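Take a look at the structure below.
The values are calculated or read from the model by the stated rules, or taken from the named source; none is laboratory data. As the structure is a prediction and not an experimental result, all values here were calculated from the model. Here Cβ is always computed from backbone atoms with ideal geometry, including for glycine, and neighbour counts include all displayed protein chains.
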Amino acid sequence: MEADTVQEGGKRILLLYFSFSSQTKNLLHAMAEGMQRYLVTVRWERIEPVEPLHFPIGSVSQTVRMMLLTFLRRRIPIRELSDKCFQDYDLIILAGPTWSYNPSGPILSLFDRDGVRLFKGKKVLPLISCRGYWRMHWWGLKTLLRRCGARVANLIVFTHPNPEPWRTIGVFLKLAGRVPERHSWISRYYHKYGHTRDQLAEARRFGEMIALALEQGEDIGKLDFRTREAMP
Ligand SMILES: Cc1cc2nc3c(=O)[nH]c(=O)nc-3n(C[C@H](O)[C@H](O)[C@H](O)COP(=O)(O)O)c2cc1C
């Protein structure tokens, strides 16, 4: 469980997230580490499905089924959020994975039930973790946030830095419960699922940039969150 860090008089940040295979969670932990040195209060809230989801999904057929359902934007019911989510924040970081080109089912449920109450009039910075295909997710997320009355501050995207087609094959096998990084020949091309140490270091740096900008009253919209793998 993540511990809130409270600094009296500091700007207030809510880290609100869903993570299925811990990739978003790891990025946020690194960001929070980067924020530590600055005068900011950081509060955590994990979005929890009512029926816990287990990673890996376990079989090829269940993985295909989940991908189809998520493509159709099926909602995944979530537990009530704690009261702290509805307090006043200078910034809400809304973080989660891309699921079949969409926000994940738990995040869609969050918008249906709590979107306006959470985000109306708030500055929101989305963070997306995905294997590489995030543009449709971003477009949909931006629309959902704006409909709730949020001010979308900027965007952070981290993609898995493996080359295609191995990235897609690797993620699919991993979700289905296989271990592609140890497969006799796939392992030649696919070494690791998810984000790398370098990306976590970059997330830490982004955390520092955000906290410093808030501390100094600067515009989050002007920060450059282009990650190394996104650079030409
Ligand atoms: C059901 C499902 C569908 C996915 N669809 C996409 C997709 O359309 N595009 C993409 O880039 N990644 C997709 N992914 C991969 C995840 O976005 C990626 O592994 C992410 O880093 C997981 O973050 P998390 O561990 O925080 O859940 C999908 C993963 C799942 C479980």
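A few notes on this one:
- Of all the residues in region 142-168, those that are under 18 Å from I220 (Cα atoms) and either among the charged types (D, E, K, R) or free of Cβ contacts under 8 Å to residues at least 12 places away in the same chain (or both) number 3.
- Output for region 17-41, where each listed residue is within 13 Å of the ligand (Cβ to nearest atom) and closer than 25 Å to R117 by Cα: Y17, F18, S19, F20, T24, K25, L28
- Qualifying positions in region 115-131 - away from the ligand (no atom under 16 Å from the Cβ) and not in a helix (DSSP H, G or I): K120, G121, K122, K123, V124, L125
- Hey, L69 within 14 Å of the ligand (Cβ to nearest atom), under 24 Å from W139 (Cα atoms) and surrounded by fewer than 20 Cβ atoms within 10 Å (Cβ to Cβ) or not: yes
- Subset of region 7-23 [assigned to a strand (DSSP E or B) and closer than 12 Å to E45 by Cβ]: I13, L14, L15, L16, Y17
- Take the conditions (1) in a helix (DSSP H, G or I); (2) within 10 Å of the ligand (Cβ to nearest atom); K84 misses just one of them, which is (2).
- All of G132, G121 fail the test of being surrounded by fewer than 20 Cβ atoms within 10 Å (Cβ to Cβ), modelled with pLDDT of 95 or more and touching a helix residue (DSSP H, G or I) at 6+ places or on another chain (Cβ under 7 Å), apart from G132.
- Subset of region 180-197 (residues that are of a type in the set (D, E, K, R) and farther than 15 Å from E33 by Cβ): E181, R182, R188, K192
- Residues of region 110-164 that are more than 30 Å from I186 (Cα to Cα) and among the basic types (K, R): R113, R117, K120, K122, K123, K142, R146, R147, R151.
- Subset of region 87-114 that is of a type in the set (S, T, N, Q) and within 16 Å of the ligand (Cβ to nearest atom) - its residue that is farthest from A153 (Cα to Cα): S100
- Region 187-202, residues that are in contact with a helix residue (DSSP H, G or I) (Cβ under 6 Å, 6 or more places away or on another chain) and either in contact (Cβ under 8 Å) with a residue 60 or more places away in the chain or assigned to a helix (DSSP H, G or I) (or both): S187, Y193, G194, H195, L200
- Top-ranked residue of region 165-186 - restricted to ones that are in a loop (DSSP other than H, G, I, E, B), away from the ligand (no atom under 13 Å from the Cβ) and surrounded by 15 or more Cβ atoms within 10 Å (Cβ to Cβ), ranked as modelled with the highest pLDDT: R178
- A Cβ distance below 9 Å, combined with a sequence gap of six or more or placement on separate chains, defines the contacts here; from region 24-39, residues that are part of a helix (DSSP H, G or I) reach residues that are among the β-branched types (V, I, T) and within 16 Å of the ligand (Cβ to nearest atom) in the pairs T24/I128; L27/I156; L28/I93; M31/I93; M31/I156.
- Pairs where the first residue, in region 203-231, is free of Cβ contacts under 8 Å to residues at least 12 places away in the same chain and the second is assigned to a helix (DSSP H, G or I) and of a type in the set (G, A, S), C-beta under 9 Å, 6+ apart: D219/A213; K222/A213
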